[in-house]
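I have placed the structure first, in the form of structure tokens, so that the comments after it can refer back to it.
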Amino acid sequence: MLLESKCVIVTGAGGGIGEAIARVCSREGALVVVVDIREAEAARVAASLGPNALAVAADVRRDGDLERAAEAAVQRFGRIDGLVNNAGVDFSKPFLETTPSDWDRVINTNLRSCFFLSQIVIRRMLAQTPSGGSVVNISSVHSIAGVPGAAPYDVSKAGMAGLARALAVEFAARGIRVNSVSPGLIDTQIWRDLQAAAPDLEACLAYWRSNIPIERVIDPREIGELTAFLLSDRASCITGANLIADGGMTARLLSTAQV
Ligand SMILES: NC(=O)c1ccc[n+]([C@@H]2O[C@H](COP(=O)([O-])OP(=O)(O)OC[C@H]3O[C@@H](n4cnc5c(N)ncnc54)[C@H](O)[C@@H]3O)[C@@H](O)[C@H]2O)c1
């Protein structure tokens, strides 16, 4: 198993990609701390993983909640070996209409929480015996390419990838690896909402197939597998990377849609 007896904190693990990451980590032997603002969903996921999982209801925008989540992990499992900064909110609004409170909501949830939870956890990783650990930021293809009407989201995701690089070089010599994963279109609520909003479902599916070279959306479990690998010692020489998991979406210059 990749993560036998390693304690891993996953934020936003009450659903979607975070839940899938928690499930793969648990399958690989990890002691998983399921952090989510939705208390019932965190409890549901942790209960389904059994005694080697702990639910913590926390809002990652609140510094006190971040401290409490890390403290709960240490109280229950004795140390922290891995952190997955996954909790996040999507955003879509024209730049000229974006308000300071829109900016605060997206940046505080996606990027500020990632910065300060990493700080809290890395302090503990350095102080424990043996010291060290692995941090993975769940960024997005928006870290390397933009779409109109997503400026705060793009900034937050580029920031998460940049933070991974900055921390990777600052802590490499002290046994802490930090990477980001940049998913493309994943089969979570976002994808279900896109389909529900489409006036023509067939055209919607064809559009996305034409934009994703593997011609399908990605299963959240696939992001879980990559994240578990990065958390594990198998990825011992990988730090500061931004691993793109998008089925080729950002590798292709143009879509194959007919004009
Ligand atoms: N779904 C995609 O296609 C996709 C693609 C690229 C990147 N991502 C990123 O992956 C991450 C997970 O996305 P998802 O699609 O699973 O989303 P989701 O909405 O299905 O799940 C997000 C989880 O985070 C939790 N959460 C939200 N705000 C929180 C807060 N303030 N404190 C604690 N928990 C909070 C939610 O309750 C939820 O359980 C996000 O950071 C997202 O930006 C998603």
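The values are calculated or read from the model by the stated rules, or taken from the named source; none is laboratory data. None of these values were measured; they are calculated from a predicted model. For neighbour counting, all protein chains shown are included, and Cβ atoms are generated from backbone atoms with ideal geometry for every residue, glycine included. The accessibility values were calculated without ligands, DNA or RNA, using every heavy atom of the protein model including side chains. Shrake-Rupley method; radii C 1.70, N 1.55, O 1.52, S 1.80 Å.
Annotation for the stretch 234-259 versus the stretch 88-142: alpha-carbon center distance of 21 Å. Gaussian network model of the chain, Cα springs within a sub-10 Å range: biggest mean-square fluctuation belongs to which of GLU215, GLU67, GLU97? The residue with the greatest mean-square fluctuation here is GLU97.
Got a number for the accessible area of SER48? Probe 1.4 Å, square angstrom, nearest 10. So the heavy atoms of SER48 present about 70 Å² to solvent.
Rg over Rh for the stretch 216-259 works out to 1.12, both radii taken from alpha-carbon positions and Rh defined as the Kirkwood radius. Per residue, the stretch 52-164 exposes an accessible area of 43 Å² to a 1.4 Å probe, with every protein chain left in place. GNM on the chain, alpha-carbon springs under 10 angstrom: the most fluctuating residue among ALA53, ALA145, ALA43 is ALA145. Each 10 Å bin, from zero up to the one with the longest distance, holds this percent of the alpha carbon pairs of the stretch 131-259: 12, 37, 32, 14, 4, 0. Placing +1 on each Lys and Arg Cβ and -1 on each Asp and Glu Cβ, with no other charges, gives the stretch 152-259 a dipole about its Cα centre of roughly 400 debye. Taking Cα centre as origin and charging only the Cβ of basic (Lys, Arg, +1) and acidic (Asp, Glu, -1) residues, the dipole magnitude of the chain rounds to 660 debye. Between the amide H of GLY149 and those of PHE95, distances stay under 5 Å, these residues lying 5 or more places away or on another chain, with hydrogens modeled in the peptide plane. Within the accessible area of the chain, the carbon and sulfur atoms contribute 56%, probe 1.4 Å, all protein chains present. The GluC sites (Glu not before Pro) of the stretch 1-42 meeting both criteria, a DSSP state outside H, G, I, E and B (loop) and at most 13 other C-beta atoms within 10 angstrom of the site's C-beta, are GLU4. Ranked by solvent-accessible area (1.4 Å probe, protein heavy atoms only, all chains present), the residues ILE238, ILE218 order from largest to smallest as ILE238, ILE218.
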